[in-house]
Amino acid sequence: MASEPGLVAARSFSTAIPLRSKVAVLGAAGGIGQPLSLLLKTNPRVTELGLYDIVNTPGVAADIGHINTLSNVAGYTAKDKDGLKKALQGAELVVIPAGVPRKPGMTRDDLFNTNAGIVRDLAQACAEVCPKAKLLIISNPVNSTVPIATEGLQEGRIFGVTSLDLVRASRFIGAKLDKVVDVPVVGGHAGITIIPLFSQVEGLKLTEEERAALTHRVQFGGDEVVKAKDGLGSATLSMAFAGARFADSLLRADAGEEVLEWAFVKNDLFKKEGIEYFSTYVKLDKNGVKEVLPLPENISEYEKELVKAAIPELLKTQTKGEQFVNGKQ
Ligand code: NAD
Ligand code: LMR
């Protein structure tokens, strides 16, 4: 996969011609929100940052605002009159890491009751204020929050951010090979719905045991961090890195580059099975998703079984999100 242009190019920020690009971060004072906003401040493509959180955003904005890149930063809280609207006004990208993170012993689905309403309300505000913006949903459970966020917005502009799974898979294999490699990861963003495609890494040889162990590690990498943080939350710094990288891909696409990325988007790949959202390879352009590409034809039998096993879980969590927006949950 080393030849896949999107992944290779997405590893670092591109420095070509900055256009005017406002990025809004909702949940900007949180564990992900702060380092993500910091990384976005260092991206030359970003000319304006609108930071919104229910609390503490003015301090984050004042702090990040002193960094000597050319973008302007403004922070708003729920106490500011029209604070959310002001953060969103004119945004090309809206990144949403708002909501509660896991504690040890919890699944991502356990966050649904709190985060579903947060994502629905923030997405509705985007639909009103910046309906053409691209929405990057980080808040968990992504497999359900993405179907929730699509209500009232254009489907090719809503992205569930799964890039942390790609970053992890890349690092776990990279540590073994002592080089940075791209590893595609498809499916969703929870446990067995996370499917690394090691068969696509050129020259990678794994025993069955190694393949099973590495697959499990990518699928449950989030739990490793939750356990290590011991009640203080889940991945924040690696997520900020992965989210900023994904945002840069969309900004480059916005500026006219054709970019390839892996993302959890609406598509027909598993329509027969009732699946509407699946993370796969997508071509991006200034309007968001230009084309959804199918899974590589030569994935292994082992990976085909992983896809089969993921379908019922994806369907369950997708339905839960859809029922929530339809008032049935
Ligand atoms: P956090 O608690 O540190 O930060 C969340 C922030 O959201 C807080 O500052 C909070 O005030 C804010 N918030 C809550 N309700 C809000 C609202 N209505 N409007 C605006 N802001 C609001 O949590 P975190 O560690 O930053 O994680 C945030 C979310 O991201 C969690 O749901 C977590 O599970 C998820 N996450 C996803 C991935 C992924 O790969 N997609 C990776 C890591 C974490
Ligand atoms: C992750 O993969 O690190 C995130 O989804 C956070 C979590 O709850 O594990």
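The values are calculated or read from the model by the stated rules, or taken from the named source; none is laboratory data. Computed from a predicted structure; not experimentally measured. FYI the Cβ positions are ideal-geometry reconstructions off the backbone, even for glycines, and counts take in every protein chain you see.
Odds and ends about this structure:
- Filtering the stretch 305-329 to residues that are assigned to a helix (DSSP H, G or I) and free of Cβ contacts under 8 Å to residues at least 60 places away in the same chain leaves Glu305, Lys308, Ile311, Pro312, Leu315, Lys316, Thr319, Gln323.
- Checked against (1) of a type in the set (S, T, N, Q); (2) buried (at least 24 other Cβ atoms within 10 Å of the Cβ); (3) under 27 Å from Ala24 (Cβ atoms), Thr193 meets all criteria but (3).
- Scanning the stretch 44-79 for residues that are within 16 Å of ligand 1 (Cβ to nearest atom), surrounded by fewer than 21 Cβ atoms within 10 Å (Cβ to Cβ) and in a loop (DSSP other than H, G, I, E, B) yields a total of 6.
- Filtering the stretch 291-304 to residues that are touching a residue at least 40 places away in the same chain (Cβ under 8 Å) and surrounded by 13 or more Cβ atoms within 10 Å (Cβ to Cβ) leaves Leu295, Pro296, Ile299, Ser300, Tyr302, Glu303.
- Just one residue in the set Gly99, Gly152, Gly105 is within 12 Å of ligand 2 (Cβ to nearest atom), free of Cβ contacts under 8 Å to residues at least 40 places away in the same chain and in a loop (DSSP other than H, G, I, E, B); that residue is Gly105.
- Single residue of the stretch 80-111 satisfying the filter (among the small types (Gly, Ala, Ser) and over 15 Å from Leu51 (Cβ atoms)) that is surrounded by the fewest Cβ atoms within 10 Å (Cβ to Cβ): Gly105
- Count of the stretch 243-293 residues, restricted to those that are hydrophobic (A, V, I, L, M, F, W, C) and touching a Phe, Trp or Tyr at 6+ places or on another chain (Cβ under 7 Å), is 9.
- The residues on offer are Phe159, Phe172, and the sole one that is within 16 Å of ligand 2 (Cβ to nearest atom), without any contact (Cβ under 8 Å) to a residue 60 or more places away in the chain and in contact with a Lys or Arg (Cβ under 8 Å, 6 or more places away or on another chain) is Phe172.
- Residue count for the stretch 198-241, restricted to those that are outside any helix (DSSP H, G or I), within 12 Å of ligand 1 (Cβ to nearest atom) and surrounded by 17 or more Cβ atoms within 10 Å (Cβ to Cβ): 3
- Of the residues Val186, Val180, the single one that is among the hydrophobic types (A, V, I, L, M, F, W, C) and within 16 Å of ligand 2 (Cβ to nearest atom) is Val186.
- Restricting the stretch 123-132 to residues that are surrounded by fewer than 24 Cβ atoms within 10 Å (Cβ to Cβ) and of a type outside the set (S, T, N, Q) leaves a set whose member that is farthest from ligand 1 (Cβ to nearest atom) is Lys132.
- Residues in the stretch 263-315 that are modelled with pLDDT of 95 or more, over 23 Å from Leu164 (Cβ atoms) and of a type in the set (Lys, Arg): Lys271, Lys272, Lys290, Lys304, Lys308.
- Some residue of the stretch 155-171 being more than 10 Å from ligand 1 (Cβ to nearest atom), assigned to a loop (DSSP other than H, G, I, E, B) and among the acidic types (Asp, Glu): no
- In the condition set (1) away from ligand 2 (no atom under 15 Å from the Cβ); (2) surrounded by fewer than 19 Cβ atoms within 10 Å (Cβ to Cβ), Pro147 is compliant with all but (2).
- Within the stretch 212-269, the set of residues being within 12 Å of ligand 2 (Cβ to nearest atom) and hydroxyl-bearing (Ser, Thr, Tyr) comprises Ser234, Thr236, Ser238.
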